[in-house]
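**Student:** Starting off with a structure, shown below.
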Amino acid sequence: MKYSLNDLIDVQETRKLLEDFHAAVGVPAAIIDLEGLVLVASRWQRVCTDFHRVDETARKRCTESDTTLANSLLTGKTYSLYRCRNGLLDAASPIIIDGEHLANMFIGQFFTEKPEMDFFRAQAKQFGFDEAEYLRAVAEVPIVAEETLPAILSFLTSFAVIIGSLGLKQLKQVQTEKELRETEKDLKRAQAVAKVGNWRINIPENAIYWSDETYRIFGFPHEKPIDYDAFLASVHPDDRERVDHSWKTALTGQPYDIEHRIIVGDTIKWVHEQALLEFNEAGALRSGFGTVQDITDRKQTEQELLRAKNEWELTFDSVPDLIAILDTRHRIVRANRKMAEKLGIEQEECVGLHCYESVHHADCPPHGCPHSMTIRDGKERTLEVHEESLGGDFLISTTPLYDEQGGMVGTVHVARDITERKSIEKELRRSRDELERRVQERTAELSQALEKLEKMNRELEDFAYIASHDLQEPLRKIQAFGNLIREKCIDKLDKTEQEYFIRIERAAERMRQLIQDLLKLSRIATRPESMRTVDLKEIANEVVQVFDHQSGGNGVIELVDLPTIEADPCQMMQLFQNLIGNALKYQKPGEIPTIKVYGDLSDQNTCRIFVKDNGIGFEERYLEKIFLPFQRLHGRDSQYEGTGMGLAICRKIVEQHGGSITAKSESGNGSSFIVTLPVKHRGPGKDELKK
Ligand code: ADP
């Protein structure tokens, strides 16, 4: 504690005392601190105030005197006497309070014997004082016997020390009280932060005092008097009996240390109570002190932890996998229920067992043990193993476990029984192999059948070709002899015979057409021979010119862009002939045929050709039918002649080129035939083609 004498004494009162002393003894006194500050002073001598302190040089000598005296006391002296250069005497003693040199007590000015007046006369002259007045003032200065000076000073100093010490005591008390108040405040703050309150029993008053925090914890208003019954009523009913019993036991000298619930308004709190009770020899309570801590948060955390632990344990035990926590030395730290069941022992009995002994019945870990590998490099492992001793297949996984410092302490070893899955997999593999074998067998059978079919087809096509070819010969004869009859003896036949003859001729002509178409079809069936780059527009143009020539320009055939592709040019010619021929043929009577032939590339590899007319059209439900050989939508008597082979030939050509043909139409509203062909020929190789 830092203080000066000023803080310890009442300056006004002390001055009065010094003045009274001056009046009584005639010696002026002053208290001056170590910095030279005059704290208290009785009246100075007139010779000083009216003369020496007025002239500058003389005043300097005065202060020099104070300083010299004070300095001599700093060296530890208890008394010092000094004659000032103005010829007067001063004496001083240190004021030491509680071991601290705080200030000095000065007395002065005085003489110890009658003054030498000549000296003062000379001084009056030197400073220009009024000599008579100055000498009168000098004469007023008291003469004090030198031997009495220490006693005077000792009296005054002791006096200053006494009042200073009193002041210090008071100051210290004030300070202590202040500190006490601060400490109390701190205590209250600490109690609020720690949620700890306290109470104490005042034995003489037979009363219990609660701290603010205790009131707060219990939620009681401060003014409410606290007695044991009121306290017990606030305890949760389920805990009341336990608390009551514990307190009564504490009153017999047992420790009171209990956790229980209290009801505060609508909430339930947990508190921890501890008490220190002291008894006198007669067994009566001498003092009682207790603490109450609000532990609701801790209890809630504990309960949550407990719940989490229970949930974890339940999960751990209810998973169907075999789980063991292993330490780094392959010992089981914990095993779940399934694992214990598999080992045929209780869960607790698993703890401490070496897994290689209990599971593998070996005296060291087996080769490739995933736990050993994880312990070695800290990496998780998953692998499938067949474990004879556990009678099945297992998917094993090991996950490293670390302590708080990051050191590896073991692994979580999970073994999933995959025996069933494995056997299903095995069965599946067997079934798949069986299926594959059967598919191969079937494929072989099919390819044999296909080969057979292709052979039959080829034979049939050959037969059709040969038959139609051979049929031409007798037909030619029929037609040749028919011509001879027409030339030489048609007139000899009566009308009916002529009619018969004409019908024979027509039938023969029709037969010729049929044979020709059949030949065309079977020729195509021998597949395209000369595949090369063909400008479809050129080919279509040739066909159009032939038709124009035949029809004498009766119709409009518009040719728009057609692509260039790889194809058999003869077959392409045939294709356009049939499609454009049909478009011209199937026209509405009296209407000018308007035909548009165009194409596009639907992508880089495929092109489309459209032949669009404004003819009679057909119902789309016959779409499939019209592409079959000899299928027509018109009777033989209709105005539209034909063999029903044209579109069948078209389809054959298109398919031989790896494409397709279809149409869009509506009866009475024209038709659009759409051919899709690959731009590049992707058909089978030449050898294959010849098969
Ligand atoms: P054909 O023309 O010799 O009868 P196709 O095979 O060329 O034989 O045609 C089969 C049938 O398809 C025809 O009988 C006709 O009914 C129908 N058809 C073909 N092209 C057209 C078309 N452009 N407009 C309407 N019907 C058609």
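**Student:** Please go through (1) of a type outside the set (A, V, I, L, M); (2) buried (at least 19 other Cβ atoms within 10 Å of the Cβ); (3) touching a Leu at 6+ places or on another chain (Cβ under 8 Å) for TYR134 and return the number of the only condition it doesn't satisfy.
**Tutor:** Here TYR134 clears every test but (3).
**Student:** Could you say whether any residue in segment 326-347 is out of contact with any helix residue (DSSP H, G or I) (no Cβ under 8 Å at 6 or more places or on another chain) and touching a residue at least 60 places away in the same chain (Cβ under 8 Å)?
**Tutor:** yes
**Student:** Based on this model, can you work out whether ALA30 counts as part of a strand (DSSP E or B), among the small types (Gly, Ala, Ser) and either in contact with a His (Cβ under 7 Å, 6 or more places away or on another chain) or surrounded by 15 or more Cβ atoms within 10 Å (Cβ to Cβ) (or both)?
**Tutor:** Working: part of a strand (DSSP E or B): yes; among the small types (Gly, Ala, Ser): yes; either in contact with a His (Cβ under 7 Å, 6 or more places away or on another chain) or surrounded by 15 or more Cβ atoms within 10 Å (Cβ to Cβ) (or both): yes.
Here the answer is yes, as ALA30 does meet what is asked.
**Student:** Right, another one. Take LEU575 and tell me if it is within 21 Å of GLU509 (Cβ to Cβ) and more than 8 Å from the ligand (Cβ to nearest atom).
**Tutor:** no
**Student:** Quick check: is even one residue across segment 217-234 in contact with a Leu (Cβ under 9 Å, 6 or more places away or on another chain), over 17 Å from ASN198 (Cβ atoms) and in a helix (DSSP H, G or I)?
**Tutor:** Step one: of segment 217-234, the residues in contact with a Leu (Cβ under 9 Å, 6 or more places away or on another chain) are none.
Looking through segment 217-234, none of the residues is in contact with a Leu (Cβ under 9 Å, 6 or more places away or on another chain), over 17 Å from ASN198 (Cβ atoms) and in a helix (DSSP H, G or I).
**Student:** Also, quick follow-up: Would you mind stating whether ALA58 is crowded, with 19+ Cβ neighbours inside 10 Å and closer than 16 Å to LEU153 by Cα?
**Tutor:** Working: crowded, with 19+ Cβ neighbours inside 10 Å: yes; closer than 16 Å to LEU153 by Cα: no.
For ALA58, the condition - crowded, with 19+ Cβ neighbours inside 10 Å and closer than 16 Å to LEU153 by Cα - is not met.
**Student:** A follow-up question, please. Just one of the numbered conditions (1) among the charged types (D, E, K, R); (2) in a helix (DSSP H, G or I); (3) under 24 Å from ALA30 (Cα atoms) is not true of LYS125; which one?
**Tutor:** Checking LYS125 against (1) among the charged types (D, E, K, R); (2) in a helix (DSSP H, G or I); (3) under 24 Å from ALA30 (Cα atoms), the one that fails is (3).
**Student:** Restricting to segment 112-127, name every residue that is farther than 25 Å from ALA145 by Cα and in contact (Cβ under 8 Å) with a residue 12 or more places away in the chain. Step through it out loud before you land on a result.
**Tutor:** Of all residues in segment 112-127, those farther than 25 Å from ALA145 by Cα come to 122, 124-127.
Of everything in segment 112-127, just one residue is farther than 25 Å from ALA145 by Cα and in contact (Cβ under 8 Å) with a residue 12 or more places away in the chain, namely PHE127.
**Student:** While we're looking at this one, here's another question. Name the pairs whose Cβ atoms lie under 6 Å apart, with the first residue in segment 212-231 and touching a residue at least 12 places away in the same chain (Cβ under 8 Å) and under 25 Å from ASP186 (Cα atoms), the second in a helix (DSSP H, G or I) and not charged (D, E, K, R), and 6 or more positions between them or separate chains?
**Tutor:** Going by the 6 Å Cβ cut-off, the qualifying pairs are GLU213/GLN191; GLU213/ALA192; PHE218/SER234.
**Student:** Do we have GLY615 as near the ligand (Cβ under 8 Å from one of its atoms), farther than 24 Å from GLN516 by Cα, of a type outside the set (Val, Ile, Thr) and assigned to a loop (DSSP other than H, G, I, E, B) here?
**Tutor:** Values: near the ligand (Cβ under 8 Å from one of its atoms): yes; farther than 24 Å from GLN516 by Cα: yes; of a type outside the set (Val, Ile, Thr): yes; assigned to a loop (DSSP other than H, G, I, E, B): yes.
In short, yes.
**Student:** What is the number of the single condition among (1) assigned to a helix (DSSP H, G or I); (2) hydrophobic (A, V, I, L, M, F, W, C); (3) within 16 Å of the ligand (Cβ to nearest atom) that PHE481 does not meet?
**Tutor:** (3)
**Student:** Please list, ordered by residue number, the helices (runs of 4 or more DSSP H) wholly in segment 309-396 having 2 or more residues that are surrounded by 19 or more Cβ atoms within 10 Å (Cβ to Cβ) and over 36 Å from the mean Cα position of the chain (by Cα).
**Tutor:** Details: elements: 337-343, 347-350, 355-358, 370-377.
The qualifying helices (runs of 4 or more DSSP H) are 337-343, 355-358.
**Student:** Given the condition near the ligand (Cβ under 8 Å from one of its atoms), aliphatic (A, V, I, L, M) and modelled with pLDDT under 95, answer yes or no: does some residue in segment 676-687 qualify?
**Tutor:** Our first condition is that a residue be near the ligand (Cβ under 8 Å from one of its atoms); within segment 676-687, this holds for none.
Checking segment 676-687: not a single residue is near the ligand (Cβ under 8 Å from one of its atoms), aliphatic (A, V, I, L, M) and modelled with pLDDT under 95.
**Student:** OK, next. Which of the residues that make up segment 367-384 are at negative phi and modelled with pLDDT under 90? Working first, answer last.
**Tutor:** Residues of segment 367-384 at negative phi: 367, 369-377, 379-384.
Correct list: HIS367 only.
**Student:** In this structure, does LEU521 turn out to be closer than 26 Å to PRO678 by Cβ, assigned to a loop (DSSP other than H, G, I, E, B) and in contact with a helix residue (DSSP H, G or I) (Cβ under 7 Å, 6 or more places away or on another chain)?
**Tutor:** Numbers: closer than 26 Å to PRO678 by Cβ: yes; assigned to a loop (DSSP other than H, G, I, E, B): no; in contact with a helix residue (DSSP H, G or I) (Cβ under 7 Å, 6 or more places away or on another chain): yes.
No: the conditions fail for LEU521.
**Student:** Looking at ASP297 and the list (1) assigned to a helix (DSSP H, G or I); (2) of a type outside the set (Ser, Thr, Tyr); (3) surrounded by 14 or more Cβ atoms within 10 Å (Cβ to Cβ), which single condition is not satisfied?
**Tutor:** So the condition that ASP297 fails would be (3).
**Student:** Hey, another quick one. What are the residues in segment 644-665 that are near the ligand (Cβ under 10 Å from one of its atoms), of a type outside the set (D, E, K, R) and not in a loop (DSSP other than H, G, I, E, B), if any?
**Tutor:** So the first thing to find is which residues in segment 644-665 are near the ligand (Cβ under 10 Å from one of its atoms), and the list is 644-651, 663, 665.
Pick out the ones that are also of a type outside the set (D, E, K, R) and you get 644-650, 663, 665.
Within segment 644-665, GLY646, LEU647, ALA648, ILE649, CYS650, ALA663, SER665 qualify.
**Student:** Follow-up question, since we're still on this one. Return the only residue of ASP98, ASP33, ASP50, ASP10 being within 25 Å of VAL138 (Cα to Cα) and acidic (Asp, Glu).
**Tutor:** Details: ASP98 fails: within 25 Å of VAL138 (Cα to Cα); ASP33 fails: within 25 Å of VAL138 (Cα to Cα); ASP10 fails: within 25 Å of VAL138 (Cα to Cα).
Every option except ASP50 fails the conditions.
**Student:** Kindly indicate whether PHE463 is among the aromatic types (Phe, Trp, Tyr) and either within 21 Å of LEU343 (Cβ to Cβ) or part of a strand (DSSP E or B) (or both). Don't jump to the end; show me each part of the working.
**Tutor:** Numbers: among the aromatic types (Phe, Trp, Tyr): yes; either within 21 Å of LEU343 (Cβ to Cβ) or part of a strand (DSSP E or B) (or both): no.
For PHE463, the condition - among the aromatic types (Phe, Trp, Tyr) and either within 21 Å of LEU343 (Cβ to Cβ) or part of a strand (DSSP E or B) (or both) - is not met.
**Student:** Let me ask something else about it. Determine the pairs where a residue that is hydroxyl-bearing (Ser, Thr, Tyr), located within segment 409-436, has a partner that is in a helix (DSSP H, G or I) and surrounded by 10 or more Cβ atoms within 10 Å (Cβ to Cβ) with Cβ atoms under 7 Å apart, the partner being 6 or more residues away or on another chain.
**Tutor:** Pairs found: THR411/HIS371; THR411/THR374; THR411/ILE375.
**Student:** Kindly indicate whether GLN479 is modelled with pLDDT of 90 or more and either over 30 Å from GLU509 (Cβ atoms) or not acidic (Asp, Glu) (or both). Let's see the steps before the verdict.
**Tutor:** Numbers: modelled with pLDDT of 90 or more: yes; either over 30 Å from GLU509 (Cβ atoms) or not acidic (Asp, Glu) (or both): yes.
For GLN479, the condition - modelled with pLDDT of 90 or more and either over 30 Å from GLU509 (Cβ atoms) or not acidic (Asp, Glu) (or both) - is met.
**Student:** Can you tell me which residues in segment 590-619 are hydrophobic (A, V, I, L, M, F, W, C) and over 29 Å from VAL679 (Cα atoms)?
**Tutor:** Hits for segment 590-619 are ILE592, ILE616, PHE618.
**Student:** Still on this structure: Give the residue that is surrounded by the fewest Cβ atoms within 10 Å (Cβ to Cβ), with candidates limited to residues of segment 586-605 that are among the hydrophobic types (A, V, I, L, M, F, W, C) and in a strand (DSSP E or B). If you could, list the steps in order and put the result at the bottom.
**Tutor:** Pass one, segment 586-605, residues among the hydrophobic types (A, V, I, L, M, F, W, C): 592, 595, 597, 601.
Next, only the ones that are in a strand (DSSP E or B) stay: 595, 597, 601.
Working: ILE595: 22, VAL597: 26, LEU601: 13.
Here the residue is LEU601.
**Student:** Does segment 623-643 include one or more residues that are more than 10 Å from the ligand (Cβ to nearest atom) and of a type in the set (A, V, I, L, M)?
**Tutor:** no
**Student:** Search segment 171-196 for residues being within 16 Å of SER4 (Cα to Cα) and touching a residue at least 60 places away in the same chain (Cβ under 8 Å), and hand back the single one that is farthest from the chain's Cα centre (by Cα).
**Tutor:** Once the filter is applied, the top-ranked residue is LEU171.
The values are calculated or read from the model by the stated rules, or taken from the named source; none is laboratory data. Worth saying up front: this structure is predicted, and the values here are computed from it rather than measured. All Cβ positions, even for glycine, are placed from backbone atoms using ideal geometry, and neighbour counts span all protein chains on display.
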